[in-house]
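My questions will all concern the structure given below.
Nothing in this text is a laboratory measurement; each read-out follows from the coordinates by a stated rule. Given the structure is predicted, the values throughout are model-derived calculations rather than measurements. Please note: Cβ atoms are built from the backbone with ideal geometry, for glycine as well, and neighbour counts cover all protein chains shown.
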Amino acid sequence: MRIVPIALLVAACACIPTMATQPVPVTPADMQREIGQKMGRVQRFLKQQSLGGVLLTKVNNFSWVTAGIADNHIVITSEVGAASLLIMNDGQKYVIASNSEMPRLMAEDLKGLGYEPREFKWYADKVTPDRKLEFIRHIAAGRMIGTDVPYDDLRLIDAEFQPLRYELTDSEVKKYRWLGRESTEAVVAVCRRLKPGMSERELEAMASDELMRRGIRPTVLLMGTDERVYKYRHTVPTDKKLERYAMVNVCARKWGLVISTCRFVHFGPVPDDLRKRVNASAEMTARYLAASSPGATAGDILNKAAKWYTELGFAGELELHHQGGAIGYAEREWIAVPGSTEVVHDRQALAWNPIIQGGLSFDTFVVYKDHVENVNETADWPTITVKVHGQPVRLPDILVR
């Protein structure tokens, strides 16, 4: 499977900005087409599930179904939002929210999207009778309603609904390219500014600032330095100060889409053992990508990975940390585990993260029938070229300073 450099693809999109204040990479018409496609998926889902409607309250589903135009989150750490969308099998669409949320939603996020408001007092869904539930019952008129979060006796359908998000639309691919480039440039900016003596918490603050100035919200910030990169799989930032080796590892969100990327910086020559580990991690990522053809199962790919680690001289690494999997409107739409029957889809985003302690090759890719696209690739970073089945794959290397 060919890995197509992102630079060759973004050239065709004249709207890719360098800062978040510049135009977004999609037009209003693109967004409307995206919403139309998703409404078609929802209607087919309702028919398949014999449902009269579906109540969407999770932040990722709320963003997905509105093409990322709308956002119902208030508490950053919660995946349950402060408003719900109720989409019925007759095409009717409602937003159900408290009087503290509805004015903003109707004036900004949902303006022009065709949702009818059903508003209740800020406390009325927490008392008896539950006013929000009364709205749902009235609209449903006896029809079964699905929900993505547990709510009264509505049918929980979160796991069944999730695959609707997997196959990216044309406009989602454009947004991912923008997000990939902007988030990587944010991480690269940190890597070029960091200095020995800076703490991991300083790196965390720098990464947050670079992302948020671009209109991108960080969701995972793992900053590791020196021996902590070798000792721990998840380097939650501490006051540890950088000496020679640093990792800047982020997940970040815009339009509901989540991106993952990681870069390493080393001050002075890279030790031979570290070079071996970084190269092997890149080799593992290249092999994962080559195996990620649409139709392949996560379980089968993982079975092959155990053999690859052994061939590269790192037997047993597979047992020490998960290997990643699908990404999209969640940091992990699914994680590959032994025996998993999750299937790789055409136009699905993947983020494999094979760690060989001290080294990690971690970017976000979109899988197509005949190639894989690295949406994080930028021209200003050193690369490792790995050949898989005779095809060259470029992946990020360590920046030596």
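Measure nothing but the geometry: give the 0 to 90° angle between the long axis through the Cα atoms of 28-48 and the longest principal axis through the Cα atoms of the chain, rounded to 10°.
Rounded to the nearest ten degrees, it is 70.
How large is ³J(HN,Hα) for each residue in the stretch 238-246, as worked out from phi by the Karplus curve 6.51 cos²θ - 1.76 cosθ + 1.60 (θ = phi - 60°), to whole Hz, x for Gly and Pro?
Rounded to whole hertz, the list is 10, 7, 4, 9, 5, 10, 10, 10, 9.
Follow-up question, since we're still on this one. Do you know the relative contact order of the stretch 302-401, to the nearest whole percent, from alpha carbon pairs under 8 angstrom that are 6+ apart?
Rounded, it is 16 percent for the stretch 302-401.
Straight-line reach from K304: which aspartates and glutamates fall under 17 Å, measuring Cα to Cα and dropping same-chain residues less than 8 apart?
Those aspartates and glutamates meeting the cut-off are E283, E317, E319, E342.
A follow-up question, please. Near K369, which aspartates and glutamates are there with a Cα under 14 Å away, not counting those fewer than 8 places off in the same chain?
E167, D346
If you don't mind, there's one more thing I want to ask. Taking 7 Å along the Cα-to-C-beta vector as the label spot, tell me the S340-A306 distance in nanometres, rounded to one decimal.
A separation of 1.6 nm, rounded to one decimal place.
Where the centroid of each part is defined by its Cα atoms, how far is the stretch 189-247 from the stretch 26-98 in Å?
The two parts, judged by their Cα centres, are 35 Å apart.
Also, quick follow-up: When only C-alpha pairs under 8 Å and at least 6 residues apart count, what is the relative contact order of the chain, in percent?
About 17 percent, as a whole number.
Now, a different point. Using a Förster distance of 41 Å, how high is the FRET efficiency between D370 and F267, based on the Cβ-Cβ distance and rounded to 0.05?
So, using R0 = 41 Å, E works out to roughly 0.50.
Using only the Cα atoms of the stretch 164-258, build the gyration tensor, take square roots of its eigenvalues as a ≥ b ≥ c, and label the shape rounded, prolate or oblate: rounded if a/c is under 1.5, else prolate if a/b is larger than b/c, else oblate.
Prolate, because a/c is 1.5 or more and a/b exceeds b/c.
Hey, another quick one. For semi-axes √(5λ) of the Cα gyration tensor in Å, one of (1) 30, 29, 20; (2) 51, 23, 17; (3) 39, 23, 20 was computed from the structure I shared and the rest are decoys. Which label?
Only one listed value fits the structure, namely (3).
How much length is gained on full extension from I74 to E167, taking 0.36 nm per residue of separation minus their Cα-Cα distance?
30.7 nm
Now for a different question. For K111, list the lysines whose Cα falls under 26 Å from its own Cα; do not include residues on the same chain fewer than 8 positions away.
Result set, ordered by chain and number: K38, K58, K93, K121, K132, K174, K175, K254.
To the nearest 10 degrees, how steep is helix 170-193 against the longest Cα principal axis of the chain, on a 0 to 90 scale?
The two axes meet at around 40 degrees.
Additional query: Please find the FRET efficiency linking K121 to K231, where r is the Cβ-Cβ separation and R0 is fixed at 45 Å, and quote it to the nearest 0.05.
0.30
Each label point is 7 Å from the Cα along the Cα-to-Cβ direction; what then is the distance between the points at H389 and Q357, in nm?
3.4 nm
Once the Cβ-Cβ distance between A315 and K195 is put in as r, and R0 is 35 Å, what FRET efficiency do you end up with, to the nearest 0.05?
The computed FRET efficiency comes out at 0.40.
Quick check: residue separation of R401 and R275 times 0.36 nm, minus the Cα distance between them. What number comes out in nm?
The span from R401 to R275 would gain 43.9 nm if fully extended.
If you don't mind, another one. List the relative contact order of the stretch 170-400 as a percent without decimals, with contacts defined as Cα pairs under 8 Å and 6+ residues apart.
Averaging sequence separation for qualifying contacts and normalising by length gives 20 percent for the stretch 170-400.
Moving on. Using a ≥ b ≥ c from the Cα gyration tensor of the stretch 191-349 (square roots of the eigenvalues), is it rounded, prolate or oblate, where a/c under 1.5 gives rounded and otherwise the larger of a/b and b/c decides, a/b for prolate?
Oblate, because a/c is 1.5 or more while a/b does not exceed b/c.
I would also like to ask the following. Quick check: the angle from helix 298-311's long axis to the longest principal axis of the chain, C-alpha only, nearest 10 degrees?
10 degrees
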